[in-house]
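One structure is given here, and the rest of the page talks about it.
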Amino acid sequence: MGNEPANPVINGRVAVVIDDLGNAMDGTEQMLQLPIKLTVAVMPFMQTTKADAEHAHKLGRDVIVHMPMEPNRGKAKWLGPGAITADMSDEEVRKRVEQAIDDVPYAIGMNNHMGSKVTVNERIMRVVLMVCRERGLFFLDSRTAYKSVIPKIGRQVGVPVIGNDVFLDDVYSAGHVAGQIRVLQKFLESHRDAVTIGHVGPPGKITSAVLLRSIPAMKRHTEFVRLSELLP
């Protein structure tokens, strides 16, 4: 019987999204060189924002804006510059989203960095998604909040929304990342498409190394696609 799964899924498609580019983080080059289609989420207003977005685009990667949004818990410094917070007016939210899009070259979409406090706020997310619609961007709901309103508001304002299914590296160890890849493969047994998010930074080299090892086996039953290929 060998090591082949009993019921291999031939048609599963997975979009790998790598968050937190834009700040010269560990693992950036290793991620960009992975031998699969890839989507990178680049933080605006950082030291390597433009360089990372341009480099990723040149390599044929989808580029999206990694928009910092206030979480329920966490330190303000984790957000980075230009973040959206729950106390902002509609005008200030709009201005920050527009500036962020302008700051990330080649961006075709957006996802939330943190944001558990903001992605449940209908007023703010309506403004964010209206700007995305005006600029022709889709939105990836990173699903940091269980009660995210992003899918609902996206339908109301007419923005394509897609959701994250599996975080690869919420724990920074090779064993955890490998386990999450197994979770992803299990998910694909009952779903045609999946989105999975990893990160550069503290887990960057760990996650990229585990992905690199896992890709050959995954390619036997999984097609790696850019996020834009999974849009509804």
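Some points to look at:
- Scanning the range 88-115 for residues that are over 21 Å from Phe167 (Cβ atoms), of a type outside the set (Val, Ile, Thr) and buried (at least 20 other Cβ atoms within 10 Å of the Cβ) gives Arg96, Ala100, Asp103, Ala107.
- Number of positions in the range 116-128 that are surrounded by 24 or more Cβ atoms within 10 Å (Cβ to Cβ) and touching a strand residue (DSSP E or B) at 6+ places or on another chain (Cβ under 8 Å): 4
- One residue stands out in the range 21-75 among those that are surrounded by fewer than 24 Cβ atoms within 10 Å (Cβ to Cβ) and among the acidic types (Asp, Glu): the one that is farthest from Arg226 (Cα to Cα), namely Glu70.
- If you go through the range 46-96 and keep only what is hydroxyl-bearing (Ser, Thr, Tyr) and in contact (Cβ under 8 Å) with a residue 40 or more places away in the chain, you end up with just Thr49.
- Of everything listed in (1) farther than 19 Å from Val42 by Cβ; (2) out of contact with any Phe, Trp or Tyr (no Cβ under 8 Å at 6 or more places or on another chain); (3) touching a residue at least 24 places away in the same chain (Cβ under 8 Å); (4) among the hydrophobic types (A, V, I, L, M, F, W, C), the single unmet condition for Val171 is (3).
- Count of the range 202-222 residues which are in a loop (DSSP other than H, G, I, E, B) and either on the phi > 0 side of the Ramachandran plot or among the charged types (D, E, K, R) (or both): 2
- Scanning the range 146-169 for residues that are farther than 24 Å from Thr207 by Cβ, in contact with a strand residue (DSSP E or B) (Cβ under 7 Å, 6 or more places away or on another chain) and not in a loop (DSSP other than H, G, I, E, B) yields Ile150, Pro151, Gly154, Val161.
- Within the range 182-210, the residues that satisfy the criterion of being under 16 Å from the mean Cα position of the chain (by Cα) and not small (Gly, Ala, Ser) are Leu184, Asp193, Val195, Thr196, Ile197, His199, Val200, Pro203, Thr207.
- Residue count for the range 170-201, restricted to those that are crowded, with 19+ Cβ neighbours inside 10 Å, among the polar types (S, T, N, Q) and assigned to a helix (DSSP H, G or I): 2
Bear in mind these aren't lab numbers, they're just calculated from the coordinates by the rules spelled out. None of these values were measured; they are calculated from a predicted model. All Cβ positions, glycine included, derive from the backbone under ideal geometry; neighbour counts span all protein chains shown.
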